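Values in this text are rule-based calculations from the coordinates and carry no lab data. Note that the structure is a prediction, hence the values are computed from the model and not measured. Neighbour counts are summed over all protein chains in view; Cβ atoms, including those assigned to glycine, are modelled from backbone coordinates with ideal geometry.
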Amino acid sequence: MVFPGNMPYHRTILPRSGLLPILKHWTEPKLTSHLLLGIDTGGTYTDAVLFSEAAGVVAKAKALTTRHDLAVGIGEAVEAVLEKAKVPVTAISLVSLSTTLATNALVEGQGGRAGLVMIGFGPEDLKRDGLLEALGSDPVLFLPGGHNVHGGETPLDMSALDEALPTLANQVSSFAIAGYFAVRNPAHEKRVRERIREVSHLPVTCSHELSSKLGGPRRALTTLLNARLVSMIDRLIGSCEDFLKVRGIHVPMMVVRGDGALISAAEARLRPIETILSGPAASLVGARHLTGLENAVVSDIGGTTTDVAVLEKGRPRLDAEGAVVGGFRTMVEAVAMRTYGLGRWRRRRPRRADRSA
């Protein structure tokens, strides 16, 4: 869970002596107007923490993540942390949300069914960058069009789209559009997006919205994965917003990105793939704040896995080639990490490769 000013919470266990200064400072009225609420929804547990710039971690609580209705787990965690802190909701000035749901969904091959529309590409392009494997049984449609490296246009023909769209709209929950050299000229992606929205009224992701890098098939892969996550992350953010509204917490809500930065809830809804690996990223920023170290190896131990990443000059070391999730290398800037099958309830003897990691 990350807050502005690089002030996160990282599953810290405070000694009893460490609680006394917090309790002492907490009795001062000035603190109650500057609380930050962090919520982390994982695959097993949902954590909540109240943080004060002056006192640090004020209270923390945990509840089971309720997949059938995420608002239930969020509500239980937040209610518990408010009860522990004995503060009014008016003391909260900002909410920060982090999650591993997007990462878990891609690793487990979950997420919504998405229709991929490729403009100016051919079936042979599916064989590159793992796109065909990632596509699975989801439908794909090829349209003539696209642009060259200078932005010059090949005429766009949407007749195949118009023919297939009424049927596809009933088979998928979202669409992904990738145009040839769309990073040079996104006009065709935008035209196809408008047509799809007009007919289907479903969420649409365009590749030029996610990355400005060249490499059409990998950009298409990233766009496809993003489209699959739209409904899931929208449901999570919506559940959180609904609970906050009912509870009378009317403050801005931010979402942690995979590089440790914060984005608005509206941005996260459009680009949910940017939330992948936000858990390890938040842990790195948390470790930096709690220890003051500029360079460190940080391990985030969850229920079943441990994520290991590196702090370098006070910042998370990012994967220069793009985050790898579920075996697919995306164009998403995120923390560089390794994951091991070692959690709270599992033990194993470290191998030589683990020690050198």
Over 20 Å (Cα to Cα) - which of Lys60/Lys86; Lys62/Lys313; Lys60/Lys313 fall in this group: Lys62/Lys313; Lys60/Lys313
Which net charge results for the neighbourhood of Ile249, defined as the other residues with beta-carbon distances under 13 angstrom from its beta-carbon, given Lys and Arg at +1 and Asp and Glu at -1? -1
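Ranking Ile39, Ile301 by Cβ neighbours within 10 Å, fewest first, what do you get? Let's see the in-between values first.
Details: Ile39 24, Ile301 15.
The order, fewest Cβ neighbours first, is Ile301, Ile39.
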Mind checking which aspartates and glutamates have their Cα closer than 18 Å to the Cα of Lys213? Skip sequence neighbours fewer than 8 apart in that chain. Asp125, Asp129, Glu189, Asp259, Glu274, Asp319, Glu321, Glu333
Can you check what the net charge comes to around Ile74, using other residues whose Cβ is under 14 Å from the Cβ of Ile74 (Lys, Arg +1; Asp, Glu -1)? -2
Alpha-carbon centroids, region 47-74 and region 254-284: separation in whole Å: 17
